[in-house]
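Structure record follows, encoded as C-alpha cells.
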Amino acid sequence: NQLGVTTLYVTHDQVEAMVLSDQICVMKHGQIIQQGTPEDLYERPANIFVAEFIGQANVLPALKVDFQKSQITLDEGIDVQVSSGNIRGEKNQMQHLIIRHHQIKLHSFQSSENIKNTFKARIIQKTYLGDRIRFGLELSHRCQLIAEVTPYPNMPNVGVQVMAELPADDCIVL
C-alpha cells in the first residue's frame with residue numbers, strides 16, 4: 001500500500017492469502033467463483049465450494065427450508081433458526097446449512113435453558129489440538145457436525161450428551 005503498487009500473488013495456502021491480501025479471488029477450473037476481502041469470503045461465502053475452501057465449515061443438507069420463518073430443518077426435531085440475511089439459497093435448489101467449526105458452542109443441559117438453537121448432541125469423537133479441542137457431534141443419525149472449542153476445565157468426553165448451540169447469526173443457508 002505504501003508504494004502504491006498492485007501485486008498479483010497466486011497461492012493455494014488460504015492463511016497466507018488472507019494475511020497478505022486486500023482482495024482475494026477464489027477460482028475453480030479457471031473461473032472466478034468469488035472475489036472480495038478475506039473477511040467477505042470467510043463470513044459470507046457465495047457457495048459451498050468457497051465455504052469449504054476458505055476455512056473449515058460444516059455443510060449439512062437441509063430436509064426443508066422455510067424462507068418465511070428463516071428456518072432450516074436438518075432432521076426430525078432439528079429446526080435451526082437463521083438470521084434472515086443469511087439465507088442466500090434459491091428456493092428450487094438443494095439447500096445446505098453452513099456453520100464454521102469454531103462458531104458452535106457447547107453447553108451443559110442446565111446452562112442451555114433459554115438459549116435458542118440448542119440441540120441435544122452426543123460426543124462421538126474428541127481430539128486434542130493444543131489450542132482447541134475438536135469434537136465430533138451427533139445430533140441424529142443423519143446429522144453430524146464438528147465443533148472446535150477452546151479447552152476449559154472438565155471438558156466432556158466421548159459418549160457424553162451435551163447441548164450444541166448453533167447461533168442464528170453464524171448460520172448460513174446456501
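The values are calculated or read from the model by the stated rules, or taken from the named source; none is laboratory data. Everything numeric in this text was worked out from a predicted model, so none of it was measured. Quick reminder, even Gly has a Cβ in these numbers, built from the backbone with ideal geometry, and neighbours come from all protein chains shown. Note: areas computed on protein heavy atoms with side chains; ligands, DNA, RNA excluded. Shrake-Rupley method; radii C 1.70, N 1.55, O 1.52, S 1.80 Å.
With respect to Phe109, is the statement that it is without any contact (Cβ under 8 Å) to a residue 60 or more places away in the chain, of a type in the set (Phe, Trp, Tyr) and closer than 25 Å to Leu41 by Cα true?
When the stated conditions are applied, Phe109 does not pass them.
Scan region 123-137 for residues that are open to solvent by 30 Å² or more (accessible area, probe 1.4 Å) and under 21 Å from Cys171 (Cβ atoms) and report the count. Break it down into steps so the answer makes sense when it comes.
Start the filter on region 123-137 by keeping residues that are open to solvent by 30 Å² or more (accessible area, probe 1.4 Å), which leaves 124-132, 134.
Those still in the list that are under 21 Å from Cys171 (Cβ atoms) too: 132, 134.
Selection size over region 123-137: 2.
Let me confirm something: among Gln23, Gln56, which residue is in contact (Cβ under 8 Å) with a residue 12 or more places away in the chain, farther than 18 Å from Val173 by Cα and among the polar types (S, T, N, Q)?
After applying the criteria, what remains is Gln23.
Considering each residue of region 19-35, count those that are of a type outside the set (S, T, N, Q), open to solvent by 90 Å² or more (accessible area, probe 1.4 Å) and either modelled with pLDDT of 90 or more or under 20 Å from Ile146 (Cα atoms) (or both), and give that number. Break it down stepwise before answering.
Let us first name the residues in region 19-35 that are of a type outside the set (S, T, N, Q), namely 19-20, 22, 24-30, 32-33.
Add one more test, that the residue is open to solvent by 90 Å² or more (accessible area, probe 1.4 Å), and what stays is 19-20, 22, 27, 29, 32.
Checking the rest, the ones that are also either modelled with pLDDT of 90 or more or under 20 Å from Ile146 (Cα atoms) (or both) come to 19, 22, 27, 29, 32.
Residues in region 19-35 being of a type outside the set (S, T, N, Q), open to solvent by 90 Å² or more (accessible area, probe 1.4 Å) and either modelled with pLDDT of 90 or more or under 20 Å from Ile146 (Cα atoms) (or both): 5 in total.
For region 2-18, which residues satisfy the criterion of being free of Cβ contacts under 8 Å to residues at least 12 places away in the same chain and either touching a Gly at 6+ places or on another chain (Cβ under 6 Å) or open to solvent by 100 Å² or more (accessible area, probe 1.4 Å) (or both)?
Gln2, Leu3, Thr6, Thr7, Leu8, Val10, His12, Val15
So Pro38 ticks every box in (1) open to solvent by 80 Å² or more (accessible area, probe 1.4 Å); (2) within 30 Å of Ser21 (Cβ to Cβ); (3) in contact with a Ser or Thr (Cβ under 7 Å, 6 or more places away or on another chain) but one. Which box is left unticked?
Unmet condition: (1).
Suppose we filter region 61-117 for residues that are of a type in the set (Asp, Glu) and closer than 19 Å to Glu165 by Cβ; how many remain?
3
Can you name every residue in region 66-83 that is in contact with a Lys or Arg (Cβ under 7 Å, 6 or more places away or on another chain), outside any loop (DSSP other than H, G, I, E, B) and in contact (Cβ under 8 Å) with a residue 12 or more places away in the chain? Break it down into steps so the answer makes sense when it comes.
At the first step, the residues of region 66-83 found to be in contact with a Lys or Arg (Cβ under 7 Å, 6 or more places away or on another chain) are 67, 73, 75, 81.
Filter again for outside any loop (DSSP other than H, G, I, E, B), leaving 73, 75, 81.
If the condition is that a residue be in contact with a Lys or Arg (Cβ under 7 Å, 6 or more places away or on another chain), outside any loop (DSSP other than H, G, I, E, B) and in contact (Cβ under 8 Å) with a residue 12 or more places away in the chain, then Asp75, Gln81 are the ones that fit.
Answer with yes or no whether Arg100 is open to solvent by 50 Å² or more (accessible area, probe 1.4 Å) and within 14 Å of Ala147 (Cα to Cα). Walk me through how you get there before you give the answer.
Values: open to solvent by 50 Å² or more (accessible area, probe 1.4 Å): no; within 14 Å of Ala147 (Cα to Cα): yes.
So Arg100 fails the test.
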